[in-house]
Structures are given as C-alpha cells and as structure tokens.
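Q: Take this structure, written in structure tokens, and hold onto it; I'll ask about it next.
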C-alpha cells in the first residue's frame, strides 16, 4: 500500500520489479509510475484529489479507505504485508494505519525500512512471527540497509508461503488484541501522568484538559 512518494517506497517498487513476484496485491494510486513497470491502481472512492504521485483523501477516513477500497482487494487476499511506514531515516518506530490495516486484514507484517517497528508491536503483545520472519534488519544503523535487507533476508518467505491453521490462530490473536483497544490503553497509560484525559464521544476519541 503506497500513497505519497518517498525514497524507501520507490526502492520497494524497484525490488518488487527485480524479484519479479508473480502473485501479490497492492495499491498505487498514482497517475503514472516512472520508476518501474508496476501499473498504478485506481483505488479512489471519488471525492479525493488526485496528485501525480499520491492522493489527498480530504474528509475520507482511513477506515473508509480500508473498508471500501483495500480490505477485499489488497489485504484479505494476501498472506504477508510489506509495510512502508512514513519514517525510515529516523531511528524511531512509527505505527500508523498501514500497520493497523495489515493486522485487520489478517496478514503477517514485515516493515520495509522501519526502525524497530517489530519491537514496538511485540512490546504491545502482538505476534510479529519471529519464527517465520527475519526481523534482524530492523536495527541496522543505515536506513538503506534496513530497506534492502528487509526483503533480502525474507525473499524465500515472500516467494513461497502457505497459511496454516496455527498461523490463522496467531493472526486472530493479533486482531483480537487490536479490537480490545491495546493502543487506546497505551495512550491512557501515558496520559495518566498528565492532567489530560481521553474522551470517547460519537465514536471518536479526543483529548480534554
């Protein structure tokens, strides 16, 4: 799932092209792809603003994008998600809707270039499938090495993998943990040290003094 263009996402496109995967799904809502032969996709609900490389969603939420555009066409047909979170230069773990959608879609996560994203998710109780995925790339000092090694170390896995019943059970654990509000509790724990509270109203969360 690639929207806005960033160097590590361009590199992932090139690696996908060079490895020549034959069975994969993706979203690439660009007008053109000047980097590889991978064709852009038209994953838009209708009110977005199309840019040359990316879309501006406006009032459309990530949840709507997932439900109407990505759930059945990108995530649920897949076994493994190659996740390109926005940060890759910085030594910080950033978890966004890209990881959340991968969990909702029942896929095994592999972060391309992310700094210790697997560690961050494991610390929250998620199964990051260390027995299947080689996450040793995540702590490499050079961000470009993290990008390249995330694919190189797992190329055999990405080329041939079959979901089994025990894997489905582990994927369900991750989904249950997500639905149980694990991230919400983490925010609440952080806010306990302040005078700010987390308020849920009309299905939305807000911070209130």
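The values are calculated or read from the model by the stated rules, or taken from the named source; none is laboratory data. Here the structure is a predicted model, which is why all the values come from computation and not from measurement. Glycine gets a Cβ as well: all are built from the backbone with ideal geometry, and neighbour counts include every protein chain shown.
Q: Of all the strands (runs of 3 or more DSSP E) wholly in region 1-109, which have at least 3 residues that are in contact with a strand residue (DSSP E or B) (Cβ under 7 Å, 6 or more places away or on another chain) and under 23 Å from residue 159 (Cα atoms)?
A: So the answer is 80-83.
Q: Does residue 150 qualify as being surrounded by fewer than 14 Cβ atoms within 10 Å (Cβ to Cβ), touching a residue at least 12 places away in the same chain (Cβ under 8 Å) and touching a helix residue (DSSP H, G or I) at 6+ places or on another chain (Cβ under 8 Å)?
A: Answer is no for this residue.
Q: Taking the stated definitions as given, is residue 7 crowded, with 18+ Cβ neighbours inside 10 Å and either touching a residue at least 24 places away in the same chain (Cβ under 8 Å) or within 18 Å of the chain's Cα centre (by Cα) (or both)?
A: For residue 7, the condition - crowded, with 18+ Cβ neighbours inside 10 Å and either touching a residue at least 24 places away in the same chain (Cβ under 8 Å) or within 18 Å of the chain's Cα centre (by Cα) (or both) - is not met.
Q: Turning to a different aspect of this structure: Does at least one position in region 183-197 carry a residue that is over 16 Å from the mean Cα position of the chain (by Cα), modelled with pLDDT of 95 or more, more than 23 Å from residue 15 (Cβ to Cβ) and part of a helix (DSSP H, G or I)?
A: Within region 183-197 (the criterion being over 16 Å from the mean Cα position of the chain (by Cα), modelled with pLDDT of 95 or more, more than 23 Å from residue 15 (Cβ to Cβ) and part of a helix (DSSP H, G or I)), the answer is no, since none of the residues qualifies.
Q: Would a scan of region 161-169 turn up a residue that is farther than 30 Å from residue 23 by Cβ and modelled with pLDDT of 95 or more?
A: no
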